[in-house]
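As structure tokens, the structure follows; a few thoughts come after it.
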Amino acid sequence: MSEFEKLGIDEDFNQFYVEHEIKSPNQVQKKVIPKIMNNQSLICVAQTGSGKTLSYALPISELIKCHEDENGLSQKRGKPFAVLVLPTKELALQVSDVFKAISHHVKLRVRTLVGTNKSIKDQSFEILISTPTKLARAVKSGEVSFQQLKYLVFDEADNLFEMGFKKDIDKIMHTVEYSQTDIHFFSATMPIEVEDYLMQKFAKKKLEKVFLGSSHQVQGKIETFNIFIDDSERLQMLKLFLEKSVKGRGIVFCNQKNQVEDAIKFVNERLPKIKIKPLHGDMPEKERLACIKSFQDKKFQVLLATDVVARGIDIKDVQWVLNYNLPKTPIYYLHRGGRTARAGKSGQVFNFVSKYDSQIVAAINESIRNQSKMNLDLLKANDFKEKRPIKKKKKTKQKRVKITKRTKAK
């Protein structure tokens, strides 16, 4: 008997593990799968890259399969047994790929409701994956009914509330029959105010907390390097950074789309040999998805993006992350760093830091301490209080990149 079978997952799933080189359940899956199999609603907080998606996808698929083995295939249209809610189209499609890979072996029907999908009202399916606004509209119009709903999952739960989806979620929950539906929340980070809200809002479900404080065992060590700059030097320092300082595949994070566009134009002109592509939220959906797929397939070296890829997107073998701008909120610093050092590997986070960043550095450090499972080095706030003198240099002289390594916080 395999380790997954001991957790209650049928042997029909074994070929899926072989295809995806999964030898045994990891820490998150060992904790979560038995609870979902026993119909316990829960809040799960575990490190990005730790296997959260499979921790709910496997037991939900198993439970639906068992139901249909006993009761036959459902022919009710637009009435799923399981609904998964994700904050972005990209994340929804990524989770959909996981469920479709599983369903290939256990014959479940999976549908997605994102972007400009065709109507699914006249289709029969067991599993629906959607973004909040699309799902709320589909429920209101009658395209989707929760009459058979047994499992409702909100993934990247804290981000759903940060991005202003609360009204859509309230509309979704209005038609959910609590007595017959297990409700689960998954996230890599969970601000205390969101946790308190969920515990109060869904008190009748008696949500069990699964907070994996040792999930740093799944994530590898992230080394932090600070590159001290003046704001006017960012583009030139980016050129020197890409040209001299790093090897392998990485992601450069900017705060705004115009910064992405300016940086990509500059790099393409000055370093035409580097394979680099931009990604931001105002790009057409097909173009965004094609860019992510191309990067996942290792067709180019550097992704220059906004926070549209900071959370949840699974991109393997990212050796480094550069914060071209420090993010405006500490949580996104943690999520950006989570794009590297996945599945036990090590990685590096580089930061362009100016004299104006002392406040955000202090907030980032506090967030790292609170999310202690994130194995990130702290930034030293004192370093940013000193104004570095600006010296004019001759045009023929190139500025060297100054990198300082921060030791691991104890």
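Could you list, in sequence order, the residues of segment 219-248 that are not in a helix (DSSP H, G or I) and not polar (S, T, N, Q)? Walk me through how you get there before you give the answer.
Kept after step one, since they are not in a helix (DSSP H, G or I), are these residues of segment 219-248: 219-230, 246-248.
Residues satisfying the conditions are 220, 221, 222, 223, 225, 227, 228, 229, 230, 246, 247, 248.
Taking residue 101 as the residue in question, decide whether it is within 21 Å of residue 315 (Cα to Cα) and modelled with pLDDT under 95. Working first, answer last.
On the way: within 21 Å of residue 315 (Cα to Cα): yes; modelled with pLDDT under 95: no.
No; evaluated as a whole, the condition is false for this residue.
Scanning segment 264-283 for residues that are in contact (Cβ under 8 Å) with a residue 12 or more places away in the chain, of a type in the set (A, V, I, L, M, F, W, C), under 16 Å from residue 310 (Cβ atoms) and outside any strand (DSSP E or B) yields a count of 0. Of all residues in segment 155-181, those that are in contact (Cβ under 8 Å) with a residue 24 or more places away in the chain and within 15 Å of residue 204 (Cβ to Cβ) have Cβ atoms under 9 Å from Cβ atoms of residues that are surrounded by fewer than 20 Cβ atoms within 10 Å (Cβ to Cβ) and polar (S, T, N, Q), 6 or more apart or on another chain, in 177/147; 180/148. Looking across 89, 30, 35, 100, one residue alone is under 21 Å from the mean Cα position of the chain (by Cα) and more than 24 Å from residue 145 (Cα to Cα). It is 30. Does residue 2 qualify as being modelled with pLDDT of 95 or more and of a type in the set (Gly, Ala, Ser)? Answer is no for this residue.
Residue selection: residue 266 satisfies the criterion of being closer than 21 Å to residue 353 by Cα, of a type in the set (Phe, Trp, Tyr) and surrounded by fewer than 16 Cβ atoms within 10 Å (Cβ to Cβ). Note on segment 160-194: residues that are modelled with pLDDT under 85 and either over 18 Å from residue 136 (Cβ atoms) or small (Gly, Ala, Ser) (or both) amount to 8. Here is a list of conditions, (1) within 28 Å of residue 199 (Cβ to Cβ); (2) among the basic types (Lys, Arg); (3) out of contact with any strand residue (DSSP E or B) (no Cβ under 8 Å at 6 or more places or on another chain), and residue 118 meets all of them except one; can you say which number that is? Failing condition for residue 118: (1).
Every residue, every condition in (1) modelled with pLDDT of 70 or more; (2) in a loop (DSSP other than H, G, I, E, B); (3) buried (at least 20 other Cβ atoms within 10 Å of the Cβ); (4) among the charged types (D, E, K, R), yes or no:
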position	(1), (2), (3), (4)
298	yes, yes, no, yes
316	yes, yes, no, yes
336	yes, no, yes, yes
383	no, no, no, yes
400	no, yes, no, yes
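The values are calculated or read from the model by the stated rules, or taken from the named source; none is laboratory data. This structure is a prediction, so every number in the text was calculated from the model and none was measured. Neighbour counts run over all protein chains shown; Cβ positions are idealised from the backbone, glycine included.
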